[in-house]
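Each remark here refers to the structure printed beneath this line.
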């Protein structure tokens with residue numbers, strides 16, 4: 001797959017990543033603990049009925065300069081113990097508001113560096129989850145791991161605790177690139193780590209890569225992709241580096257080194273896409289690749305792929321997301337709720353109030369429709385207005401009104417061979433996948449409000 005450089009210049013602009021709709025920049029601090037409690041109770045009567053859980057561990061031994069996550073360093077053992085106690089207390093409180101006939105299908109641990117804390121704390125939290133929730137028979141419990149802090153015995157412990165998927169954050173195989181972003185290389189050969197994960201019987205392994213970092217070249221990232229393919233992981237993710245120093249001042253350090261050009265960054269995307277697909281991987285969404293037969297591939301074929309703050313998932317597996325820990329974001333059918341970002345503030349609020357809501361957003365009916373439209377485009381490269389109307393118990397004309405659907409709005413995309421429109425259906429071509437965020441923005445009635453800072457779409 002090759003994309004015309006002129007198209008990259010034409011469509012490269014800032015815009016939301018659409019991990020939520022409305023985007024997190026619209027969240028409001030008037031949304032309170034009480035509001036969240038009411039929304040949790042309301043969520044018991046809304047779909048999806050499945051429960052997804054997110055656990056945020058914000059602590060890192062050292063902070064990577066490129067990272068866009070909420071992280072902290074320099075934590076002490078007593079402080080960490082208080083944090084874990086707070087997470088467990090929050091889980092206990094929220095779980096009592098959730099109907100016990102609902103199934104927990106998905107758990108994701110993110111950070112920070114979840115595997116950098118003592119494994120006794122990971123065990124305590126997982127035990128609490130098993131205690132208060134009814135786990136589905138085919139649940140998925142995944143954890144993000146930095147290979148710089150991953151020992152073989154840790155993999156054994158994670159399996160013992162009930163984890164069945166590990167996401168290994170490699171980013172790049174070149175030590176000089178890792179050094180530039182202030183990240184330590186893997187403690188053990190990646191080949192041995194992946195083999196150990198497979199040997200322990202984990203059902204899945206993710207490898208995370210990032211392109212657009214300092215010192216990366218088109219050729220060097222090809223070699224990184226080649227190495228990733230050799231590892232034979234069932235899923236590989238190629239994240240586009242998002243440079244937003246106004247939001248994340250630590251990223252300014254990277255400007256002294258410099259970044260690949262927009263052209264080279266696009267070539268990294270295109271080359272990795274070609275290399276993965278020629279090796280048998282299936283392109284999933286904007287940045288994921290999975291083996292044939294993977295549940296992601298099946299969901300994509302059936303146009304049932306979904307997306308949340310944790311990444312891509314299937315409608316079968318995912319549920320409304322109840323998030324725990326500092327900065328974590330719950331994603332319910334009718335609301336988003338984010339905890340205080342600072343760990344000390346989060347702990348103090350939990351110890352005092354059981355909840356630690358910093359800001360949130362109540363989603364109305366029209367925004368739910370826009371959310372479904374954008375999700376369909378971002379995940380499945382496809383939009384059927386009749387289907388969106390059916391899901392939302394309304395008629396086609398109401399959907400058309402809400403998203404201001406008019407084929408004339410897409411004439412540039414059509415002319416450039418990025419998509420086609422037939423009656424009330426839109427399909428994104430393979431060539432158009434790089435521009436998915438741009439396409440989604442055309443359906444967003446809030447886009448002109450320009451609240452917050454966004455990264456470049458390409």
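The values are calculated or read from the model by the stated rules, or taken from the named source; none is laboratory data. Note that this is a predicted model, so its numbers are computed, not measured. Glycine also receives a Cβ, built like all others from the backbone with ideal geometry; neighbour counts cover every protein chain displayed.
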(request) Please determine, by comparing only the residues of region 409-431 that are modelled with pLDDT of 90 or more and in a helix (DSSP H, G or I), which one is surrounded by the fewest Cβ atoms within 10 Å (Cβ to Cβ). (result) 415
(request) Select from region 28-62 the residues that are in contact with a strand residue (DSSP E or B) (Cβ under 6 Å, 6 or more places away or on another chain), part of a loop (DSSP other than H, G, I, E, B) and buried (at least 20 other Cβ atoms within 10 Å of the Cβ) and list them in ascending order. (result) 31, 58
(request) Please work out if residue 298 is in contact with a helix residue (DSSP H, G or I) (Cβ under 6 Å, 6 or more places away or on another chain), buried (at least 16 other Cβ atoms within 10 Å of the Cβ) and closer than 26 Å to residue 107 by Cβ. (result) no
(message) As an exercise: evaluate residue 338 against (1) closer than 30 Å to residue 78 by Cβ; (2) assigned by TED's automatic domain parsing to the domain that holds residue 433 and give the number of the one condition it does not meet.
(response) (2)
(request) Those residues that are out of contact with any helix residue (DSSP H, G or I) (no Cβ under 8 Å at 6 or more places or on another chain) and in contact (Cβ under 8 Å) with a residue 12 or more places away in the chain, I need them from region 198-226; list them, please. (result) 203, 204, 206, 208, 210, 223, 224
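Considering region 158-176 alone, what residues qualify as being surrounded by 21 or more Cβ atoms within 10 Å (Cβ to Cβ) and on the phi < 0 side of the Ramachandran plot?
158, 163, 166, 167, 168, 169, 170, 172
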(request) Could you check, for region 9-18, whether at least one of its residues is modelled with pLDDT under 95 and in a strand (DSSP E or B)? (result) yes
(request) Any residue in region 75-86 that's in the same structural domain as residue 109 (by TED's automatic domain parsing): show its pairings with residues that are surrounded by fewer than 15 Cβ atoms within 10 Å (Cβ to Cβ) at Cβ separation under 7 Å, as long as the two are six or more apart or on different chains. (result) 86/351
(message) Condition first: more than 21 Å from residue 18 (Cα to Cα) and surrounded by 16 or more Cβ atoms within 10 Å (Cβ to Cβ). Now tell me which residues in region 280-294 satisfy that.
(response) 281, 282, 290, 291, 294
(request) Identify the single condition in (1) crowded, with 22+ Cβ neighbours inside 10 Å; (2) part of a helix (DSSP H, G or I); (3) within 21 Å of the chain's Cα centre (by Cα) that residue 360 does not satisfy, given that it satisfies every other one. (result) (2)
(request) Please work out if residue 327 is in the same structural domain as residue 94 (by TED's automatic domain parsing), under 16 Å from the mean Cα position of the chain (by Cα) and part of a loop (DSSP other than H, G, I, E, B). (result) yes
